[in-house]
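Below you'll find the structure, written out as structure tokens, and then a few comments.
All of the numbers you see were taken from the coordinates with simple rules; none came from a lab. Keep in mind that what you see is a predicted model, and the values were worked out from it rather than measured. For neighbour counting, all protein chains shown are included, and Cβ atoms are generated from backbone atoms with ideal geometry for every residue, glycine included.
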Amino acid sequence: MHPEMIPQDVPECQFRFERLLRLSELENWHFWFVNRRMLIDRVLRKYVKHQDQLILDLGCGTGMMTEILMRKGHSVVGLDPRPEGLYATRRALPRAWLIQAEFLRLPLTENVFDVVMLLDVLEHVNDEALLIDIQRILLPGGLAVITVPASPRLWSYRDEAAGHLRRYTRRQLMGRLTDARLHVEEMRYYQFSLFPLVAVTRLFGRRSPKLRDLEEEPSRVLNKVMTLINRLEVRLSDFIPWPWGSSLVAICRKI
């Protein structure tokens with residue numbers, strides 16, 4: 001696979017470029033993203049024991065996770081429907097392997113990848129079809145690391161504006177993964193401690209972007225406090241099975 005493999009005959013995806021830019025800015029400093037990366041890092045260190053794994057970063061956006069994985073010594077393929085994010089990734093990571101493709105038409109051979117990263121992608125697409133494709137391209141025993149928004153009761157303007165089709169219950173996600181013949185090694189919630197605050201902002205922000213924007217623009221002090229709370233929660237999550245949260249993280253293996 002060559003670094004310049006970016007086909008041009010792929011239909012435009014529905015995820016807006018403006019939203020992609022906004023998320024790429026938030027990824028660098030916002031408490032939710034910073035600590036989710038910490039959680040994903042802990043999961044990978046627990047389940048991925050060797051360097052130089054072939055990893056697919058599905059929905060790579062502007063390439064932050066792709067860069068992190070490459071720095072850890074893995075061979076990484078970044079795939080995304082939006083060309084703008086891929087061009088930004090190409091500028092930052094000229095040696096990266098990048099593919100532009102729709103999620104439901106993966107131009108990839110079966111039994112190839114050691115790991116597939118699927119971070120907040122399933123809620124945007126036909127999840128049953130995509131998970132079957134993920135199972136197809138994973139090596140036997142290969143790992144899928146999946147994050148999704150949790151708790152349908154949190155549905156708000158944020159979900160609609162982001163193009164979400166659903167938020168997941170634990171049982172719903174478990175059922176989807178089992179149907180796709182992916183064995184769930186572990187499933188845990190993320191952002192348990194701040195769940196009451198999230199619930200309030202989503203309840204009063206069902207029809208308006210005001211509270212969404214407020215969530216995304218915390219003061220420096222508030223962001224630092226939230227970062228410390230989430231960081232402590234992530235560290236404790238190895239020992240405490242949190243009963244709820246605003247996100248779900250699933251670690252699965254191909255059966």
Report task. Could you tell me which of 196, 68, 180 has its Cα farthest along the dipole of the chain towards the positive end, charges placed at Cβ (Lys, Arg +1; Asp, Glu -1), taken about the Cα centre? Result -> 196
Query - Net +/- balance of residues flanking residue 248 in space, Cβ distance below 13 Å, scoring K and R +1, D and E -1 - result: +3
Report task. Please order 187, 226 by the number of other Cβ within 10 Å, starting at the fewest. Result -> 187, 226
Query - Candidates per trypsin sites (Lys or Arg not before Pro) in the range 163-255, loop by DSSP, up to 11 other Cβ within 10 Å - result: 207
**Report entry** Dipole of the range 42-103, positive end: most advanced residue of 83, 94, 44 [Cβ charges, Cα centre]
**Finding:** 44
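Can you give the calculated 222 nm mean residue ellipticity of the chain, where each DSSP H run of n ≥ 4 adds -39,500 (n - 2.57) and the sum is split over every residue, rounded to the nearest 500 deg cm²/dmol?
-12500 deg cm²/dmol
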Report summary line: Excluding near-sequence neighbours (fewer than 8 apart on one chain), the chain holds lysine pairs with C-alpha atoms under 25 Å apart numbering 6
Query raised in the report: By count of other Cβ within 10 Å, fewest leading, how are 132, 40, 55 ordered?
Result: 132, 40, 55
Query - Pairwise FRET efficiency - residue 206 versus residue 171, Cβ, R0 = 30 Å, nearest 0.05 - result: 0.80
Query raised in the report: What share of the DSSP beta bridges in the range 17-254 is antiparallel, in percent to the nearest 5?
Result: 45 percent
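How much of the DSSP bridge set in the range 114-255 is antiparallel, in percent, rounded to the nearest 5? Don't skip to the answer; put the middle values down first.
Numbers: 15 of 21 bridges.
If we restrict to bridges inside the range 114-255, about 70 percent are antiparallel.
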Query raised in the report: In what sequence do 227, 66 fall when counting other Cβ within 10 Å, fewest first?
Result: 227, 66
Query - Residue-by-residue Karplus 3J(HN,Hα) for the range 48-61, coefficients 6.51, -1.76, 1.60, Hz, glycine and proline x - result: 9, 8, 10, 6, 6, 7, 8, 10, 9, 9, 8, x, 6, x
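For residue 68 and residue 222 in the same chain, what is the full-extension length gain: residue separation times 0.36 nm, less their Cα-Cα distance, in nm?
Value of the extension gain: 52.8 nm.
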